[in-house]
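Engineer: Dumping the structure here so I can ask a few things about it.
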Amino acid sequence: MRSGPLVAGILAGLVGASFGCGTPHIATATGTRRIVSLAPSVTETLFAVGAGAEVVGVSQYCDYPPQVRRLPKIGSFITPNIEAIIALRPTVVIGLLTSSDLREIHALQAMGIATLMVDDGSVAAIEASIEKIGNKVGRSQAAHNLAGQIRSQLSGIEMRLAGIQPRPVLMVVGHQPLVAVGPGTYLDELLMLAHGRNIADFSTQSWPRLSL
């Protein structure tokens with residue numbers, strides 16, 4: 001979720017604003033919940049809804065909030081390390097449908113490890129994913145409140161920007177190689193919400209590589 005100043009201010013910042021409102025460990029039927037997160041946005045959501053203390057492992061790209069950097073790493077969200085995940089004895093593994101290797105997820109499921117794969121393809125999908133994650137980790141009300149807060153603040157932004165002429169914008173999410181936000185992504189949706197006109201919307205790819 002931390003893919004640029006605009007997004008940090010609109011969506012990631014809304015999630016981050018909820019840090020510190022957590023609740024203690026919640027005991028499950030078999031003991032304390034142990035969560036492995038496969039993506040930065042999942043990790044941030046878990047902390048935002050108050051389940052941060054139950055996160056026992058994260059992807060190598062997870063670096064927020066700061067305490068996440070001390071947690072064991074289980075590889076990338078595209079190719080997670082199965083052995084590293086199993087060693088953490090998770091009660092649930094949570095990742096993204098759009099970026100995870102589903103073969104690895106199926107392998108975890110075959111071993112009897114609970115998984116939850118959520119969608120981040122649009123703002124509406126992200127809001128739904130927050131609630132799904134909250135339901136999975138026993139933080140339904142906190143997740144519902146967070147999703148509602150995001151919807152409310154995004155609506156407020158739309159109202160404040162009503163009538164403003166869209167400006168051409170290029171959002172870059174990678175530098176080597178140069179990767180931009182393309183059409184049909186949630187970042188493209190946020191650009192439009194912020195009255196930006198994505199100059200990379202000509203591409204047929206969601207994350208086009210550009211040359212200077």
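The values are calculated or read from the model by the stated rules, or taken from the named source; none is laboratory data. The structure displayed is predicted, hence computed values, not measured ones. Methodologically, a virtual Cβ is constructed for each residue, glycine included, from the backbone with ideal geometry; neighbour enumeration extends over all protein chains shown.
Engineer: Would you list the helices (runs of 4 or more DSSP H) that sit entirely within the range 40-141 and hold 2 or more residues that are touching a residue at least 40 places away in the same chain (Cβ under 8 Å) and closer than 23 Å to VAL173 by Cα?
Structural biologist: 40-48, 123-136
Engineer: So GLY112 clears everything in (1) at positive phi; (2) modelled with pLDDT of 95 or more except one condition, right? Which one?
Structural biologist: Going through (1) at positive phi; (2) modelled with pLDDT of 95 or more one by one, GLY112 breaks only (2).
Engineer: If a residue has to be loosely packed, with under 13 Cβ neighbours inside 10 Å and farther than 27 Å from MET117 by Cβ to count, how many in the range 171-192 make the cut?
Structural biologist: Summing the residues that are loosely packed, with under 13 Cβ neighbours inside 10 Å and farther than 27 Å from MET117 by Cβ in the range 171-192 gives 3.
This table checks each residue for (1) in the same structural domain as THR98 (by TED's automatic domain parsing); (2) assigned to a loop (DSSP other than H, G, I, E, B); (3) without any contact (Cβ under 8 Å) to a residue 40 or more places away in the chain; (4) in contact with a helix residue (DSSP H, G or I) (Cβ under 8 Å, 6 or more places away or on another chain).
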{"position": "VAL173", "(1), (2), (3), (4)": "no, no, no, yes"}
{"position": "PRO183", "(1), (2), (3), (4)": "no, yes, yes, no"}
{"position": "ASP188", "(1), (2), (3), (4)": "no, no, yes, no"}
{"position": "MET192", "(1), (2), (3), (4)": "no, no, yes, no"}
{"position": "ARG197", "(1), (2), (3), (4)": "no, no, yes, yes"}
{"position": "ASP201", "(1), (2), (3), (4)": "no, yes, yes, yes"}
{"position": "THR204", "(1), (2), (3), (4)": "no, yes, yes, no"}
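Engineer: Same structure again: I'd like the full set of residues that are surrounded by 13 or more Cβ atoms within 10 Å (Cβ to Cβ) and either among the polar types (S, T, N, Q) or assigned to a loop (DSSP other than H, G, I, E, B) (or both), limited to the range 151-169.
Structural biologist: Answer for the range 151-169, where residues must be surrounded by 13 or more Cβ atoms within 10 Å (Cβ to Cβ) and either among the polar types (S, T, N, Q) or assigned to a loop (DSSP other than H, G, I, E, B) (or both): GLN153, PRO166.
Engineer: Among residues belonging to the range 15-37 that are modelled with pLDDT of 95 or more and of a type outside the set (S, T, N, Q), point out the one that is farthest from GLU104 (Cα to Cα). Before the answer, list the steps.
Structural biologist: Step one: list which residues in the range 15-37 are modelled with pLDDT of 95 or more, which gives 34-37.
Narrowing further to those that are of a type outside the set (S, T, N, Q): 34-36.
Details: ARG34: 19, ILE35: 16, VAL36: 14 Å.
Once the filter is applied, the top-ranked residue is ARG34.
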